[in-house]
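Here is the structure we will look at, set down as structure tokens.
The values are calculated or read from the model by the stated rules, or taken from the named source; none is laboratory data. Keep in mind that this is a model prediction, so the values were computed, not measured. Methodologically, a virtual Cβ is constructed for each residue, glycine included, from the backbone with ideal geometry; neighbour enumeration extends over all protein chains shown.
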Amino acid sequence: MDVLGLIFASYIDAVSNNVYNRFTDMYGVDVQAQTVEYNNFRISYSYQLWRIQPKSVCSTYEGDLNTMSKCTISAKQMFNEMCMYLQNKPSNGWKYTKFKNMYCSAAINYKPVIANVTFGAKSEAQKAKEACSLATLRVMQSASSANLSAKEAACGKR
């Protein structure tokens, strides 16, 4: 390829990449991931087409329902705060409008996970069953007279 061909190819590549990047920015077709430190939580979320994807909010805490609940409540507060801030500090430019609409929409429409999981105290029947199971395991390991009498005491005549 000659020098003129290389220059032309570079120009076409630069222009097409610039057009694509501007298009994807403006219309938000690519999924964007964010993580923000807020209220002692690392709030992660994704957005596409300038809308926050509700299932992505605090998804890093998915294994711990109590923490996820607190995180999503903080995320809702953060969306409210971002909306108010952007409404009170107007700016020019299409990105400002897109972000303001996105955060204000999330402030109104996002529903946090509300949960409080606790484990209740064990009932007497559960405690007795566990004691019997443990005594049975000890007898299976060693059928000594002490283990046999402990099993009989824990399980009764089963």
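A few remarks follow.
- Search result, residues across the stretch 22-58 that are more than 19 Å from residue 105 (Cβ to Cβ) and not in a loop (DSSP other than H, G, I, E, B): 22, 23, 24, 35, 37, 41, 42
- Some residue of the stretch 112-135 being in the same structural domain as residue 44 (by TED's automatic domain parsing), in contact with a Phe, Trp or Tyr (Cβ under 7 Å, 6 or more places away or on another chain) and free of Cβ contacts under 8 Å to residues at least 60 places away in the same chain: no
- Residue within the stretch 141-154 that is within 30 Å of residue 54 (Cα to Cα), touching a residue at least 12 places away in the same chain (Cβ under 8 Å) and of a type in the set (Lys, Arg) present: no
- Enumeration of residues in the stretch 104-138 that are of a type outside the set (Gly, Ala, Ser) and in contact with a Leu (Cβ under 6 Å, 6 or more places away or on another chain): 117
- Annotation for the stretch 87-98: at least one member residue is under 25 Å from the mean Cα position of the chain (by Cα) and either within 30 Å of residue 52 (Cα to Cα) or in contact (Cβ under 8 Å) with a residue 12 or more places away in the chain (or both).
To keep it simple, each residue is scored yes or no on (1) crowded, with 17+ Cβ neighbours inside 10 Å; (2) in contact with a strand residue (DSSP E or B) (Cβ under 8 Å, 6 or more places away or on another chain); (3) among the aromatic types (Phe, Trp, Tyr); (4) at pLDDT below 90.
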{"residue": "53", "(1), (2), (3), (4)": "no, yes, no, no"}
{"residue": "68", "(1), (2), (3), (4)": "yes, no, no, no"}
{"residue": "110", "(1), (2), (3), (4)": "yes, yes, yes, no"}
{"residue": "118", "(1), (2), (3), (4)": "no, no, no, yes"}
{"residue": "127", "(1), (2), (3), (4)": "no, no, no, yes"}
{"residue": "133", "(1), (2), (3), (4)": "no, no, no, no"}
{"residue": "140", "(1), (2), (3), (4)": "no, no, no, yes"}
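- For the stretch 58-65, the criterion of being more than 25 Å from residue 118 (Cα to Cα) and assigned by TED's automatic domain parsing to the domain that holds residue 114 is met by none of the residues.
- Exclusive hit being touching a residue at least 24 places away in the same chain (Cβ under 8 Å), in contact with a helix residue (DSSP H, G or I) (Cβ under 6 Å, 6 or more places away or on another chain) and surrounded by 10 or more Cβ atoms within 10 Å (Cβ to Cβ), set 102, 82, 78: 82
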